[in-house]
Every structure is written in C-alpha cells, then in structure tokens.
Amino acid sequence: MALKDVWTKGLGRPTVGRMSAPVLHIPELAFGTPRRLPKPSDLTGRVVVLDVAFAGAGEQGFWKVTMPFITGLGERLRAWVDHHDHEEHARFSDDSRFLLTCKAEHGACPELIDPALVERIGPIDTICCHNDFDGLASAAKWIRAGVEPYPGCDEDARAIDTRLGEPTPTATAMDRALRARPRNKALMGLIVRHLARGIEDDGLRLEIDKAAAELEPIERETNRIAQGYLRIGGGVAAIDVTGHRAPIDKTLLLLLGQNLEPVSLVVDRETVSVAARFDSGINFLQMFGLSGGMPTRVALPRTKLPQILNKLGLGPEAFLSQ
C-alpha cells in the first residue's frame, strides 16, 4: 500500500480526554480528492468515504473516477457522506449507504455525522476522506462515534469550507498547516490523530503550529503577486500566474481578487480557477454546465478560457486585451 495514498503509521490507539476516557480504535486512513482517489484494492476491509465530492464533468469525471471507485469497493463500501452538489446524487437516493446533500444545505461535512449514523453503519476498517480541514474533521468525528473533537468543531469546519465567519485559532492553525503542506499525508494523519484525541496533545499541537508557520512566506508572496490583478469588466478580477515559480496559496489569491470584484479568476499553466463568495448567489456549476462540485468555486482546463469569459459575459479577448 503506497504511503502517498494511505497514511496509517504511528496513529496508535489514543485516548480522548482524561485517562478514564475510553480508548478509541483509529482505522486506517486514506486521503483523496474528487479526481484523485486511492485504488479500491489499496483500501482495507470495510470503507467509509467522507467529504469527497463526486468528480465533475471532463476527462476525469464521474464515470472515469467516481463510479469505478464505487464499483471497485462493492459491498465493502459501507457509507459515503458528502455535502457537495452533483447531478448524480439521485442515482443513489435508494441506497442507504449514501448520505449526499448540497453545499447550500450543509456548508461542511462534519455536521452530517452524528452518533446515530456511525452506529447504523457499524464497524469499519478504513476511512477515506478529503484532504482538507473539513474532511479531516469528518474523519475524526467518525472515529469519536459522531462526537465533535471539541465544542464548535463543526462550526469551524463550516467557516473554513465556506470562507465565511471566523474559525477558532485551533482550527485556523490546522487549516494553515494544510495549506502550507497540501500534499503531506503524514501531516493529515497527525491532524486526524490530534482531533481524535480531543486536541489535548501539546506535542501534536506544536507540530501543527510549526507547519502552519510555513504558510507565512507563501502568504507574503501571494499578496505580492495579487497586485497584478486586472479588473476586466463584468464584475470580474483576473490574474495570470503562468510561469510563476514561487509557491502561492491559490485560495488566498482568489479571496484577494474578490476584494476587487465579486468574481475572481486565476489562470495558471493548466487551469482556470473561478470563484465568488459562498453567499454570493452565483452558481458556476449551472453557468458552465458542470455536473458537480462547489457552486462558487470551479476549476476548468486552461483551453476553455475563451468559453469561460464568454459565460461571464465578456468577450473572448477581454483578459488578453488588458
């Protein structure tokens, strides 16, 4: 089993709270994204999938990624819990293993997980979750039999996933650590462990704070290049970061663009990312004819830039002419 796909070492059997608290078993952990899922054969035993959206349209869409994963797991898939919009949710409406909602109904995934759900699903061997705070908090809450890792963790996940509201310093540190090391599976496992222990392990907290501090130079660079945003009309601020070599935080860059216009657009070597505030009422899935994902943030191939500009009510040369 490849370490890049599944992180299981060193989790142990942590206690939650005081020494008198029950010892919790932490199952194997796998981390993924809608378009990059582990192989079903790499996942042990009974599996739950948390906060992983069905893949959207395109070459790596639902029929090439999501459905083969579901089919490959077969009866070993015990539950799939997610809160991202997707037109294929209806396909599983009669399958009690699937708890699928949309972003407007639930801003984050942990709030969907409660003791009754965990008890109904029963014993599992592997958790496959999204590799952000929302997903990791979902995994920890499942491990804790549907109980929040700390009071307000569900609300923190919602604030971070929607970028509305102010998360606590505890959640902010974990979110910053993940943004500084977005591909570090060991860090993801450490955060799940910290949350499963009820955030009472000072040693784990210090490791998370150390990783979070690495975001500071990335933020400085992101703020610097954000000065290159162009207001291209139609309520859109756009920037092209193709060829930029220093690490940047794309989430922050998109948010900075929204300080200028309601819609921010970031072009890099391979993709065009378009975003608006969660409460903007804008639905890019409908606008661009996508089958699923987050309505207020999408990423499309760079080759589709002219069509994207057209859908935004701009001419195909709007960006290039600035």
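See the values below:
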| quantity | calculated |
| --- | --- |
| Leading residue by the ranking (surrounded by the most Cβ atoms within 10 Å (Cβ to Cβ)) among those in segment 234-253 that are closer than 14 Å to LEU305 by Cα and not aliphatic (A, V, I, L, M) | ASP240 |
| Residues (of a type outside the set (A, V, I, L, M) and farther than 12 Å from LEU164 by Cα) located in segment 265-281 | ASP268, ARG269, GLU270, THR271, SER273, GLY281 |
| Pairs, first farther than 13 Å from GLY292 by Cβ in segment 89-107, second basic (Lys, Arg), C-beta under 7 Å, six or more apart | ARG97/ARG78; GLY107/ARG158 |
| Residue match in segment 179-191 (condition: surrounded by fewer than 17 Cβ atoms within 10 Å (Cβ to Cβ), part of a helix (DSSP H, G or I), of a type in the set (Gly, Ala, Ser) and more than 14 Å from the chain's Cα centre (by Cα)) | yes |
| Odd one out for ILE239 among (1) over 30 Å from THR168 (Cβ atoms); (2) assigned to a strand (DSSP E or B); (3) modelled with pLDDT under 95 | (3) |
| Count of residues meeting criterion [hydrophobic (A, V, I, L, M, F, W, C) and over 20 Å from ALA108 (Cα atoms)] in segment 157-198 | 4 |
| Test: residue in segment 141-150 that is among the charged types (D, E, K, R), closer than 20 Å to PHE278 by Cα, touching a Leu at 6+ places or on another chain (Cβ under 7 Å) and not in a helix (DSSP H, G or I) | no |
| Qualifying residue in segment 137-154 (condition: buried (at least 21 other Cβ atoms within 10 Å of the Cβ), among the polar types (S, T, N, Q), in contact with a Ser or Thr (Cβ under 8 Å, 6 or more places away or on another chain) and at pLDDT 95 or above) | no |
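The values are calculated or read from the model by the stated rules, or taken from the named source; none is laboratory data. Being a predicted model, the structure only gives us computed values, none of them experimental. Don't worry about glycine lacking a Cβ; one is built from the backbone with ideal geometry, like all the others, and counts go over all protein chains shown.
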